[in-house]
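Written below as structure tokens is the structure these notes are about.
The values are calculated or read from the model by the stated rules, or taken from the named source; none is laboratory data. Everything numeric in this text was worked out from a predicted model, so none of it was measured. Neighbour counts are summed over all protein chains in view; Cβ atoms, including those assigned to glycine, are modelled from backbone coordinates with ideal geometry.
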Amino acid sequence: MQNTLQEYIPQQAIPMVLNLLKHDHLTVKIKNERKTRHGDYMRLPNGKHQITVNSNLNHYRFLITLIHEIAHFEAYKAFGRFIKPHGLEWKRTFQHLMLPFLNPEVFPNELLPLLAKHFKNPKASSDTDVALAYALKQFDDTTNKTYVFELPLGGTFKLYNGKVFKKMHKRVKRYECIEIKTGKLYLFNPNVEVELI
């Protein structure tokens, strides 16, 4: 597992992560990109537990996602299966597990204040924290990206699935966008990657 993890997480985090993964009934699988999630956790029918994480994530997002999913496993072990997936038990577990990683040996200095703020009350997805998600995307391999917040109002864009939208008004945090084909209204986080048309 150590050799595999070296490809995906910061070098200084490997010993701490391996320590968290010392469980006989827990496996970690690295998956191809899934557009709807970065990772997931599940209890398998045979009583074992499985974590999956997308292979296309940069080192820092991969680490955050892996710890997020380990927190689900640890919360399940400590509190049982009837807790809310991203409820208080999971949040406290995630905070506790993530704290040792929040240092400049693991994360770049520009991410640390954003991570500290995020982990005061972690959400179900780090993508809902716009500032953190945008900062994390700066470490992705591809550099020719366009984000919803960069488009002018009235601009049109296409998603990975081929659907075309027109950017409308900004609400408090998200943008209203109308799907051209159906006329349906959708809300987009400002940091969604899109293809400008």
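Look at (1) assigned by TED's automatic domain parsing to the domain that holds K35; (2) assigned to a loop (DSSP other than H, G, I, E, B); (3) under 18 Å from K35 (Cα atoms) and you find that D127 fails only one, number (2).
How many of the residues making up the stretch 15-59 are among the polar types (S, T, N, Q) and under 17 Å from the mean Cα position of the chain (by Cα)? Lay out the reasoning, then the answer.
Taking the stretch 15-59 as the starting set, the residues that turn out to be among the polar types (S, T, N, Q) are 19, 27, 32, 36, 46, 50, 52, 54-56, 58.
Among the residues that remain, those that are also under 17 Å from the mean Cα position of the chain (by Cα) are: 32, 36, 52, 54-56, 58.
Matching residues across the stretch 15-59 total 7.
For the stretch 125-169, filtering for residues that are modelled with pLDDT under 95, more than 20 Å from the chain's Cα centre (by Cα) and of a type in the set (F, W, Y) leaves 0.
The set of residues in the stretch 113-133 that are over 22 Å from L20 (Cβ atoms), without any contact (Cβ under 8 Å) to a residue 24 or more places away in the chain and either touching a Gly at 6+ places or on another chain (Cβ under 7 Å) or buried (at least 20 other Cβ atoms within 10 Å of the Cβ) (or both) contains only D129. Residues considered: E176, E110. Of these, the only one that is surrounded by fewer than 18 Cβ atoms within 10 Å (Cβ to Cβ), part of a strand (DSSP E or B) and either without any contact (Cβ under 8 Å) to a residue 12 or more places away in the chain or within 23 Å of the chain's Cα centre (by Cα) (or both) is E176.
Counting only residues that are assigned to a loop (DSSP other than H, G, I, E, B) and either touching a residue at least 24 places away in the same chain (Cβ under 8 Å) or within 19 Å of L44 (Cβ to Cβ) (or both), the stretch 61-107 holds 9 of them.
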